[in-house]
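Scroll down for the structure; my scribbles are underneath it.
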Amino acid sequence: MTRIPNAFIREHFYTDHVESLLGGWQAIQDAVLRARRILSDPDAFPNADFDYLEKLDLEGTSCLLSAPIQFIV
C-alpha cells in the first residue's frame, strides 16, 4: 500500500493510504484542480476558505510529485 506522506492530505481525505481512497491518485489530482479553479475565480466563490484552498493546492501538488507520472499536475 502507498502511504500518503503528507499529513495535511491525510487529514483532508481521512485516510493514510492512497489505495483506501476512493479514486486513488485521481481523487487527489481532482481535489487540487478543483482548488485551483476556485482560487482562480474568487468572485464566483466569495465564501470560500482561500487559505485552506491554497494549502490544499500546495500540499496536494507536493503529494502528487510521488504519484505515477499521469497524475502530476
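The values are calculated or read from the model by the stated rules, or taken from the named source; none is laboratory data. Quick caveat, the model's predicted, so the values are computed rather than measured. No Cβ is skipped: glycine too gets one built from the backbone with ideal geometry, and neighbour counts run over all protein chains shown.
Worth a mention:
- Qualifying residue in the stretch 6-15 (condition: exposed (fewer than 12 other Cβ atoms within 10 Å of the Cβ), more than 16 Å from Leu56 (Cα to Cα) and either of a type in the set (A, V, I, L, M, F, W, C) or in contact with a Leu (Cβ under 9 Å, 6 or more places away or on another chain) (or both)): no
- Residues (surrounded by 15 or more Cβ atoms within 10 Å (Cβ to Cβ) and among the basic types (Lys, Arg)) located in the stretch 16-42: Arg36
Quick grid of which residues meet (1) modelled with pLDDT under 95; (2) among the aliphatic types (A, V, I, L, M); (3) on the phi < 0 side of the Ramachandran plot:
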| position | (1), (2), (3) |
| --- | --- |
| Ile9 | no, yes, yes |
| Tyr14 | no, no, no |
| Ile28 | no, yes, yes |
| Leu33 | no, yes, yes |
| Leu56 | no, yes, yes |
| Val73 | yes, yes, yes |
